[in-house]
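Reading through the structure tokens given below for one structure.
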Amino acid sequence: MLPRARTAAARRASPVTYNDRTLAVVSDIHGNLVALEAVIADLERRGVSRVLQGGDLALGGRQPAEVIDLVRELGWPGVVGNTDEVLWRPEALAEQMERAPKLASLLRTLFDEEGPATRELLGEERLAWLAELPGEYEDGNLALVHAAPGNLWRAPMPDDRDADLLKAYAELDAPLVVYGHIHRPYVRDLGSMTVANSGSVGSPYDGDPRASYLIVGEKPEVVRVEYDVEREVAGLLASGYPGADRIAESRRSGSYVRV
């Protein structure tokens with residue numbers, strides 16, 4: 001878990017209202033530059049001028065450096081994700097193994113295989129940039145976290161009860177809360193607040209392989225974008241990235257593939 005000071009850190013930008021269709025949230029790119037470039041083209045076509053990023057930029061794909069460089073070049077502010085934390089805090093493996101022993105195989109894959117390979121591709125300067133990302137980001141009426149306040153690793157699912165969503169996000173005290181992490185987009189009006197998941201640009205898990213992001217409008221809207229999955233898969237299989245076969249299957253199916 002992030003230190004509390006970083007988790008609580010939030011920077012306020014210009015106000016946003018629910019009819020602001022110039023703001024989008026893009027999350028969980030996972031080193032998939034092909035998908036990211038398709039989403040950027042869609043954002044430009046729609047005239048979206050402001051974008052927030054929801055974390056998990058690099059690990060889990062063959063082009064993590066290119067993804068981070070493009071996000072930085074575009075000036076997208078945002079938050080740190082759990083797989084970003086893997087890269088700059090590898091000692092967190094023991095902590096996560098204790099909390100979630102049933103996920104031991106996945107955690108070892110993230111920390112011991114994909115993590116080292118991704119760190120080598122990124123270099124120290126990009127890792128230092130990731131480590132400085134805050135745990136929370138505020139933009140007017142919108143609060144953005146990767147998973148949940150104070151926790152990068154656990155978040156509600158789309159079929160959880162309204163009460164579970166309120167328990168998870170009420171402390172943010174925002175009319176609109178957006179998060180990523182679960183790779184399954186949805187929008188839920190809870191009356192006192194709206195909770196939305198932006199899905200995943202690089203690796204959706206809802207059975208739809210198209211990239212996903214969120215536009216903030218009168219009602220937050222999930223947007224799906226087709227991209228050249230086979231070009232991404234071919235590059236991935238030729239890259240030597242750890243677990244490329246499994247990741248490629250996930251990209252094609254739009255579903256989680258077990259380690």
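The values are calculated or read from the model by the stated rules, or taken from the named source; none is laboratory data. Treat the numbers as computed from the prediction; the structure is a model and nothing was measured. A quick note on method: Cβ atoms are made from the backbone with ideal geometry, for glycine too, and the neighbour counts reach across all protein chains shown. Accessible surface is based on the protein model in full, side chains and every heavy atom, while ligands, DNA and RNA are left aside. Shrake-Rupley method; radii C 1.70, N 1.55, O 1.52, S 1.80 Å.
Residues of the stretch 219-257 falling in the label zone of Arg45, defined by backbone nitrogen less than 20 Å from a point 7 Å along Cα to beta-carbon, are 221-232. Taking label positions 7 Å along the Cα-Cβ direction at both Ala170 and Glu120, the computed distance is 4.9 nm, reported to one decimal. Accessible-area rank, largest first, for Leu166, Leu103: Leu103, Leu166, with all protein chains present and a 1.4 angstrom probe.
The loop-placed GluC sites (Glu not before Pro) in the stretch 29-108, going by DSSP, that have at most 14 neighbouring Cβ atoms within 10 Å of their Cβ come out as Glu91.
In the complete set of protein chains, residue-level accessible area for Arg108 is approximately 120 Å², probe 1.4 angstrom.
Of the accessible area of the chain, computed with a 1.4 Å probe over protein heavy atoms only, carbon and sulfur atoms account for 49 percent. Measuring from centroid to centroid over Cα atoms, what is the spacing of the stretch 155-221 and the stretch 32-92 in Å? Comparing the Cα centres of the stretch 155-221 and the stretch 32-92, I get a distance of 18 Å.
Rounded to the nearest 500 deg cm²/dmol, what is the calculated helix-only ellipticity per residue at 222 nm for the chain, with -39500 (n - 2.57) per DSSP H run of length n ≥ 4? Let's see the in-between values first.
Values: 11 runs with 95 residues, N = 259.
Helix-only estimate at 222 nm: -10000 deg cm²/dmol.
Two decimals, Cα atoms only, Kirkwood Rh: what is Rg/Rh over the stretch 44-178?
Numbers: Rg = 15.9 Å, Rh = 16.1 Å.
Ratio of gyration radius to Kirkwood radius for the stretch 44-178: 0.99.
Computed over protein heavy atoms with a 1.4 Å probe, the accessible surface of the stretch 121-259 works out to 42 Å² per residue. Ligands, DNA and RNA aside, Trp76 has an accessible area near 30 Å² when probed at 1.4 Å.
Ranking Leu106, Leu33 by solvent-accessible area of protein heavy atoms (1.4 Å probe, all protein chains present), from largest to smallest, gives Leu106, Leu33.
For Asp162, the solvent-accessible surface with a 1.4 Å probe is about 70 Å², rounded to the nearest 10.
What is the extension gain from Ser239 to Ala100, computed as 0.36 nm multiplied by their sequence separation minus the C-alpha to C-alpha distance, in nm to one decimal? Show your work: numbers first, answer last.
Working: separation 139, 0.36 × 139 = 50.04 nm, distance 3.05 nm.
Residue separation times 0.36 nm, minus the Cα-Cα distance, leaves 47.0 nm.
Taking R0 as 51 Å, what's the FRET efficiency between Arg108 and Leu74 from their Cβ-Cβ distance, rounded to 0.05? Once the sixth-power term is evaluated, E becomes 0.90.
Using a 1.4 angstrom probe with every protein chain in place, what is the largest-first accessible-area order of Ser212, Ser105? Provide the component values of the computation, followed by the final result.
Numbers: Ser212 0, Ser105 70 Å².
Listed by decreasing accessible area, they come as Ser105, Ser212.
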